[in-house]
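Asks: So that we are looking at the same thing, I have put the structure below in structure tokens.
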Amino acid sequence: MAFPLHPFRPYLLKTFKSYDGQQFSADLIAGLTVGIVALPLAMAFAIASGVKPEAGIFTAIIAGFIISALGGSRVQIGGPAGAFIVIVYGIIAHYGLANLLISTMMAGVLMFIMGLTRIGSLIRYIPVAIIIGFTNGIAVLIALSQIKDFVGIRVEKMPADFFDVVRTLAQNLHTAQFPALALAVGSLAVIVFWPRFARLFAGGRLGFVARLPGSIVALALATLAVALLGLPVETIESKFGGIPHGLPAFAWPAFDWASARNLVAPTVTIALLCAIESLLCARVADGMIDDRHDPNQELMAQGIANFVTPLFGGIPATGTIARTTTNVRTGAASPIAGIVHAATLLAIVLVAAPLAGHVPLAGLAAILMFVAYNMGEWREFPKLRQFSMPYRVTMVSTFLLTVIIDLTVAVEVGIVLACLFFIYRVSSLTSIDPVESSALPAAVKAYRISGSIFFGSIGKLEALLDSDEIDSELPLTAMILDLHHVINIDTTGLDTLDVLRKSLLRRGARLIVCDVAAQPLSLMNRAGFVKSLGAENLVANLEAAMALTRDPADPAPIAA
């Protein structure tokens, strides 16, 4: 049977069927707003990731356009994301910038295949404890990575590992610059309190000021303070030489199979994080607009975006919750808003690139500190006492492994823990209880099994193999298993049943199975268990099984 591939159907095509001027007006306003919001975030994410600020802007333009034009969500905005900061920084530190571009392109191919083969639908089954754990871990790492610029510590290059970062910061704390710290604290205060202050402008001639995002206001004031007061702090121009006009030229990164074989881990990390982040973001957007995205189409669009963007010097891109929620709240009606957002960023680069060179890094660090605080689910830690031990262990383990070791390891261990705990919970629901009945002959034992007979619960079934009824010299003639409440059985469970049948047979007893549901019965027939058991030993209910053991004309047990 052929495996069905997912059709390539961008949401944008559905939009054109009933698109009108009113919807375009809403998309235009939303796209312009999100474009302005995205500018400082794109630069901040790029700088924190260890690349030049223009790499973040180019990613927001190119990937943002592709994800909106080809994606499976009506309102999702794509671009560089805070979750990638630690990942990208680590890959560059260990493999170099060229290999980051190759890893991103390979991850794009992998994501496209995931969407094409409908794997995108499975991403939503990742337990929430794992998602909260690694999200909080990434938030901690983002905040940690910004301490250097936030307080103005003079370090040429920061390491990538958690303990090395903490050690480097501690050793160089004496180089902190008060002007940078004051500027960062002031910028953070503006971002936090701007929504309240902006209400003063609502409804008047300066009503447009109230709609400006706090990050833009903080960055503008910080840049103005540096220019007017001549503060001795690092800026984009002093650190990177400013931002170039226009888009970069198309260029294939240097590629060879020898290097590609060493990039499997970073490739999987980028693809996995992008898939989780984008589909999580799309689900959040669905809840805000009462819609339903296509996860497989979204993954295919993310894959194309991450394949194309590195060809222009971009970094990994995914769906971004902050920009997507801004898009929804400002009235976006379709993916056109995301396309307008990309066009807005392009216009800013073409017109106002020289001004961006004066932006202080301390101001960008304040923005990222605010982003890190908002992306973390910090309230989940005090609430842990309300949840089960498996949930707590999974979430805390994922969090600590994300911070200390690596996101990929954290997710892998989290999924393994979640699977083990799930197996334990399901197996604990499986019970084997003896049936007490005066109608049951003394030489016959009956058990009622409930739950699932699978590899995780066969220990309870194997206990019957060690019971006195089998191993002793008691004159046991039959054992009845009532499977009425068994919802499913796997091949390991069925094999254990067959071992029980053979053990009874060696003692001169028979195994009788009754009241079998559809799934277990189907597997028993396909695996040949019914034939080995004997059709006469498979009966409809417990009463028929007990009657069968009382009948002196019963046939002798069949041969093993």
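The values are calculated or read from the model by the stated rules, or taken from the named source; none is laboratory data. This structure is a prediction, so every number in the text was calculated from the model and none was measured. FYI the Cβ positions are ideal-geometry reconstructions off the backbone, even for glycines, and counts take in every protein chain you see. What goes into the accessible areas is simple: the full protein's heavy atoms, side chains included, and nothing from ligands, DNA or RNA. Shrake-Rupley method; radii C 1.70, N 1.55, O 1.52, S 1.80 Å.
Asks: Just name one of THR325, PHE387, VAL413: the one whose Cα is farthest towards the positive end of the charge dipole of segment 303-460 (beta-carbon charges, Lys/Arg +1, Asp/Glu -1).
Replies: PHE387
Asks: I've got another one for you. All other residues with a Cβ under 15 Å from the Cβ of THR330 taken together, and with Lys, Arg as +1 and Asp, Glu as -1, what is their net charge?
Replies: Local charge sum for THR330: +3.
Asks: Based on DSSP, what percent of beta bridges with both residues in segment 406-522 are antiparallel, to the nearest 5?
Replies: So the antiparallel bridges amount to about 20 percent of the total.
Asks: Suppose the chain between ALA544 and ILE423 were pulled fully straight at 0.36 nm per residue; how much longer would it get relative to their current alpha carbon spacing?
Replies: 40.2 nm
Asks: Given 0.36 nm per residue, what is the gain on full extension from ILE216 to ASP20 after removing their alpha carbon distance, in nm?
Replies: 67.4 nm
Asks: To continue, here is another question. Rolling a 1.4 angstrom probe over the protein heavy atoms, how many square angstrom per residue are accessible across segment 287-400?
Replies: Counting only protein heavy atoms, the per-residue value for segment 287-400 is 39 Å².
Asks: Then there is this: Give me the net charge for the shell around ILE453: Cβ to Cβ below 15 angstrom, other residues only, Lys and Arg +1, Asp and Glu -1.
Replies: Overall, the nearby charge balance is -4.
Asks: Order the following by accessible area, largest value first: ASP20, ASP495. Probe radius 1.4 Å; ligands, DNA and RNA are ignored.
Replies: Solvent-accessible surface, decreasing: ASP495, ASP20.
Asks: Starting from the Cα gyration tensor of segment 320-386, take the square roots of the eigenvalues, sort them a ≥ b ≥ c, and report rounded, prolate or oblate (rounded when a/c is under 1.5, otherwise prolate if a/b is larger than b/c, else oblate).
Replies: oblate
Asks: Specify whether the C-alpha gyration tensor of segment 1-116 places it in the rounded, prolate or oblate class, a ≥ b ≥ c being the square roots of the eigenvalues: rounded for a/c under 1.5, otherwise prolate if a/b is larger than b/c and oblate if not.
Replies: Taking the square roots of the gyration eigenvalues as a ≥ b ≥ c, segment 1-116 is oblate.
Asks: Go ahead and estimate [θ] at 222 nm for the chain from helices alone: -39,500 (n - 2.57) per DSSP H run with n ≥ 4, summed, over the residue count, rounded to 500.
Replies: -19500 deg cm²/dmol
Asks: Compute, for segment 429-530, the length of the dipole vector about the Cα centre, with Cβ point charges of +1 (Lys, Arg) and -1 (Asp, Glu) only. Units Debye, rounded to 20.
Replies: 320 debye
Asks: Using a 1.4 angstrom probe on the protein heavy atoms only, could you order VAL426, VAL165 from most to least accessible area?
Replies: Putting VAL426, VAL165 in descending order of accessible area: VAL426, VAL165.
Asks: Measuring from label point to label point, each 7 Å out along Cα→Cβ, what is the ARG392 to GLU412 span in nm?
Replies: A separation of 2.8 nm, rounded to one decimal place.
Asks: Could I ask something else about it? I'd like the accessible area for TYR373: 1.4 Å probe, protein heavy atoms, all chains in place, Å² to the nearest 10.
Replies: 150 Å²
Asks: Using only alpha carbon positions, build the gyration tensor of the chain, then give the equivalent ellipsoid semi-axes as the square roots of 5 times its eigenvalues, largest first, whole angstrom.
Replies: With the √(5λ) rule applied to the chain, the semi-axes are 61, 25, 22 Å.
Asks: Here's something else I'd like to know. Towards the positive end of the charge dipole of the chain, with charges on Cβ (+1 Lys, Arg; -1 Asp, Glu), say which of GLY50, ALA518, ALA258 has the farthest Cα.
Replies: The residue sitting most towards the positive pole is GLY50.
Asks: Given axes a ≥ b ≥ c from the Cα gyration tensor, I'd like to know whether segment 89-131 is rounded (a/c under 1.5), prolate (a/b larger than b/c) or oblate.
Replies: Judged from the Cα gyration tensor, segment 89-131 comes out oblate (a/c at least 1.5, b/c at or above a/b).
Asks: With a 10 Å radius around each residue's Cβ, average the other Cβ atoms per peptide and rank 135-141, 236-242, highest first.
Replies: For the peptides 135-141, 236-242, the packing ranking is 135-141, 236-242.
Asks: All other residues with a Cβ under 13 Å from the Cβ of ARG154 taken together, and with Lys, Arg as +1 and Asp, Glu as -1, what is their net charge?
Replies: So the surrounding residues net to 0.
Asks: Still on this structure: Ranked by accessible surface with a 1.4 Å probe, highest first, in what order do MET479, MET288 come?
Replies: MET288, MET479
Asks: Moving on. Among DSSP beta bridges whose residues both lie in the chain, state the antiparallel percentage, nearest 5.
Replies: Here the antiparallel bridges make up roughly 30 percent for the chain.
Asks: Still on this structure: For ASN525 and ASP286, what is the calculated FRET efficiency with R₀ set at 56 Å and r taken between the beta-carbons, to the nearest 0.05?
Replies: Rounded to the nearest 0.05, the efficiency is 0.85.
Asks: Treat every Asp and Glu Cβ in the chain as -1 and every Lys and Arg Cβ as +1, leave all other atoms uncharged, and give the resulting dipole magnitude about the Cα centre to the nearest 20 debye.
Replies: Using Cβ point charges on Lys, Arg, Asp and Glu, the chain gives about 1540 debye.
Asks: Please report the spacing between the Cα centers of segment 7-43 and segment 214-231 in Å, no decimals.
Replies: Their Cα centres are 30 Å away from one another.
Asks: Pick out, from GLY338, ALA366, TYR424, the residue whose Cα sits farthest towards the positive end of the charge dipole of segment 327-425, with +1 on the Cβ of Lys and Arg and -1 on the Cβ of Asp and Glu.
Replies: TYR424
Asks: Cα centroids of segment 73-128 and segment 149-203: how far apart, whole angstrom?
Replies: 28 Å
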